[in-house]
Amino acid sequence: MTAAAAETFRTHIPSLCWVARPGDVRRCTEHEGHDGDHYHAYSRTQWPPPGG
């Protein structure tokens, strides 16, 4: 694995939740610390938080 590829796995975007959807590449685009389901704005996909 290249250094650039390894860095991709640790990506964090300040101010976004960025939690990955289980079994998918989509990530939550809500603000950090939001309440309720996670949401991916482009695909309009929602999923519950872990244990929710």
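The values are calculated or read from the model by the stated rules, or taken from the named source; none is laboratory data. Here the structure is a predicted model, which means the values were calculated and not measured. Every residue, glycine as well, gets a Cβ built from its backbone with ideal geometry; the counts of neighbours run over all protein chains shown. Side chains are part of the model used for accessible areas, which takes the heavy atoms of the whole protein and leaves out ligands, DNA and RNA. Shrake-Rupley method; radii C 1.70, N 1.55, O 1.52, S 1.80 Å.
In region 17-52, what residues are touching a strand residue (DSSP E or B) at 6+ places or on another chain (Cβ under 6 Å) and among the small types (Gly, Ala, Ser)?
Within region 17-52, 20 is the sole residue that qualifies.
For a quick check of your reading of the model, give me the residue pairs whose first member lies in region 23-52 and is charged (D, E, K, R), whose second is in a strand (DSSP E or B) and open to solvent by 50 Å² or more (accessible area, probe 1.4 Å), with beta-carbon atoms closer than 6 Å and at least 6 apart or on different chains.
Final answer for the pair search is 30/39; 37/46.
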